[in-house]
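The structure appears below as structure tokens.
Each value in this text was obtained by applying a stated rule to the coordinates, not by laboratory testing. Computed from a predicted structure; not experimentally measured. In this analysis, Cβ positions are derived from the backbone assuming ideal geometry, glycine residues included, and neighbour counts consider all displayed protein chains.
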Ligand SMILES: CC(C)(COP(=O)(O)OP(=O)(O)OC[C@H]1O[C@@H](n2cnc3c(N)ncnc32)[C@H](O)[C@@H]1OP(=O)(O)O)[C@@H](O)C(=O)NCCC(=O)NCCS
């Protein structure tokens, strides 16, 4: 089953959300309006919570998880993803925050406590270390991710374009 409860907590899906039948969404997870989750994704809110904003798309094979609460880490690490975010194919987001209108490049990994501020373009295959904060408005790239350059106007517009493109695409899937 794609949408599963865990310890009595079920995922909450706002209106018009698309979750592909091969994806798995478990436990304390909320998906905002028009969000989409593509084939083979795992979004596992079992030991902490996961929040995903409106129109955000989580592309194929991505994994989103959290860190549990324990003695020296009483809050653990939840994962919070804002609105209009594009999460590319095969991304790992673990116990981190991604603010509105970002693009997380294919195959990237973001570790616990990292914060990706609004309007970051994270290049494909990047690694964001634990607790690192990426300033918005810039291209960040590499393992570990470094600030490369300011984003162009076209790139800044691309965040919204990509989000809307994926809303249309998931509407086509919902209509099938
Ligand atoms: C980084 C990116 C935005 C391109 O930025 P750019 O400024 O146009 O960079 P260029 O293509 O001109 O390449 C500049 C240099 O960076 C290198 N480069 C490009 N992308 C890179 C990446 N992801 N990681 C490491 N190096 C990269 C290029 O090889 C080139 O190196 P060189 O100067 O030694 O030849 C793009 O490659 C990328 O990673 N986009 C993400 C796409 C994605 O994952 N979308 C989500 C799915 S829809």
**Message:** Taking the beta-carbon count within 10 Å as an exposure proxy, list 86, 152, 56, 109 from fewest neighbours to most.
**Reply:** 152, 109, 86, 56
**Complete:** The convex hull of the Cα atoms of region 129-176, divided by residue count, gives a volume in Å³ per residue of 110
**Item:** Theoretical ellipticity at 222 nm over the chain - DSSP helices of four or more residues, -39500 (n - 2.57) apiece, nearest 500
**Value:** -4500 deg cm²/dmol
**Request:** Could you give me the radius of gyration and the Dmax of the chain, taking only the C-alpha atoms into account and expressing both in angstrom?
**Result:** 15.2, 49
**Prompt:** Fully extended, how many nm does the chain gain between residue 6 and residue 130 (0.36 nm per residue separation, minus their Cα-Cα distance)?
**Reply:** 41.9 nm
**Item:** Kirkwood Rh and Cα Rg combined as Rg over Rh, evaluated for region 1-98
**Value:** 0.95
**Hydrodynamic radius by Kirkwood, which averages 1/r over all alpha carbon pairs of region 104-156, in angstrom** = 10.7
**Asked** Given Cα pairs under 8 Å that are at least 6 residues apart, what percent is the relative contact order of the chain?
**Response** 13
**Request:** Fewest Cβ neighbours within 10 Å first, please rank 67, 79 accordingly.
**Result:** 67, 79
**Complete:** If each part is reduced to its alpha-carbon centroid, region 135-171 and region 80-134 end up apart, in Å, by 11
**Prompt:** Please state the relative contact order of region 122-166 as a whole percent: Cα pairs under 8 Å, 6+ residues apart?
**Reply:** 31
